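For reference, the structure discussed in these notes is given below.
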Amino acid sequence: MSVIIKQFIVTFDNREKLEIIFQPGIQLEPGNILAVIGDNGAGKTTLLEILAGLKKTIIFEGEIMGCKQPTKLNPNKLTKIGFLPSNPSLFFSKPTIREEFEHITNLTGNNEWIRWEEKWHYYSNNSPFSLSWGEQRSLILDLLFSQGAEIYLLDDFIVSLDHVESLHVGKQIFHLLKEKKIVIVVSRDPKVLYYLPVNTIIYSSKIIFQNRNKKTIFEKCRENNPFSVLKNYGGSYTSNKV
């Protein structure tokens, strides 16, 4: 099971077309993690939506779980993809938090409520929408990590999480990689690299890579990480209106 990303073109509601090209192309195998860093509008969320089978493409040069067109993934394979959307409210489908975990239990056969009851007991009968934005993202991540997916797509997970919560997510990601899962993280903030493992493959938009001010942010990340960001730099991607 692998993920290959080279190029895609999408059309938006206003009929504007966006072309994204990864140079060089990416091939992720089980146990690999990719971080895509780019400015707003650079196609990061669009990439995750495509891989999750939520957005159609005019052209998709790549592959996910053996399928060359993600929108045609069969339902069984779609359950193997865990997706944290940029808007957490799009995730929830059950009236209470406890029922969200029970839904995961029905999918996996594991009693996930027992695993997470201590953390979420106080809110168990509350609607997920009663939580703060950060608490919603934390809840989704716990649900995703319970899902038993093979591929995890995380959109800007550090938004609204404090440092301790982000470290917790980083630890969860580390365990996912030990279990030979594939993880793709996108963010507009290079500081997300603080919380990712040393073997992270990093791609950034050419705008960020060529901007010296932005590059100093990468240098700051190196000061707080036990690895060299540039050593793990996999390549760049360009986004162009066509």
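For region 18-63, what is one quarter of the convex hull surface built on the Cα atoms, given in nm²?
It is 3.7 nm².
Summarise the long-distance tail of P(r) for the chain by giving the % of C-alpha pairs beyond 27 Å.
Here the tail beyond 27 Å accounts for 35 percent of pairs.
Just to make sure I understand: if all protein chains stay in place, what is the order of K68, K77, K44 by accessible area at 1.4 Å, largest first?
Putting K68, K77, K44 in descending order of accessible area: K68, K77, K44.
Give me the Kirkwood hydrodynamic radius of region 91-154, using the inverse of the mean 1/r over all pairs of distinct Cα atoms, in Å to one decimal.
Final number for the Kirkwood radius of region 91-154 is 11.8 Å.
Which of the aspartates and glutamates could a cross-linker bridge to K119, judged by Cα under 16 Å and excluding same-chain residues fewer than eight apart?
By straight Cα distance, K119 reaches E99, E100, E102, E135, D142, E165.
So which of K6/K80; K6/K77; K6/K180; K55/K191; K56/K171; K44/K94 end up more than 25 Å apart by C-alpha?
Beyond 25 Å: K55/K191; K56/K171; K44/K94.
May I ask you to derive the relative contact order of region 1-90, considering only C-alpha pairs under 8 Å and at least 6 residues apart, and to give it as an integer percent?
The value is 33 percent.
Using all C-alpha to C-alpha distances in region 133-191, build P(r) with 5 Å bins and read off the rounded percent in each one.
Over region 133-191, the share of Cα pairs per 5 Å bin runs 4, 18, 32, 28, 15, 4 percent.
Express the relative contact order of the chain as a whole percentage, based on alpha carbon pairs under 8 Å and six or more residues apart in sequence.
Worked out over the chain, it gives 29 percent.
Using Cα pairs closer than 8 Å and at least 6 residues apart in sequence, work out the relative contact order for region 58-128, in percent.
Over region 58-128, the number comes to 24 percent.
Round to a whole angstrom and tell me the spacing of the C-alpha centers of region 122-170 and region 1-37.
Each part's Cα centre sits 24 Å from the other's.
Using a 1.4 Å probe and counting only protein heavy atoms, arrange I182, I9, I59 so the residue with the most accessible area comes first.
Of I182, I9, I59, the descending order of accessible area is I59, I9, I182.
Considering only protein heavy atoms, what per residue accessible area in square angstrom results for the chain with a 1.4 angstrom probe?
Result: 49 Å² per residue.
Rounded to two decimal places and with Rh computed the Kirkwood way over Cα pairs, what is Rg over Rh for region 28-131?
Over the Cα atoms of region 28-131, Rg/Rh equals 1.02.
Could you compute how much accessible surface W113 exposes when probed at 1.4 Å, giving the result in Å² to the nearest 10?
Approximately 10 Å² for this residue.
The values are calculated or read from the model by the stated rules, or taken from the named source; none is laboratory data. Note that the structure is predicted; figures quoted are calculated from it, not measured. Please note that ligands, DNA and RNA were not included when accessible areas were found on the heavy atoms of the full protein model with its side chains. Shrake-Rupley method; radii C 1.70, N 1.55, O 1.52, S 1.80 Å.
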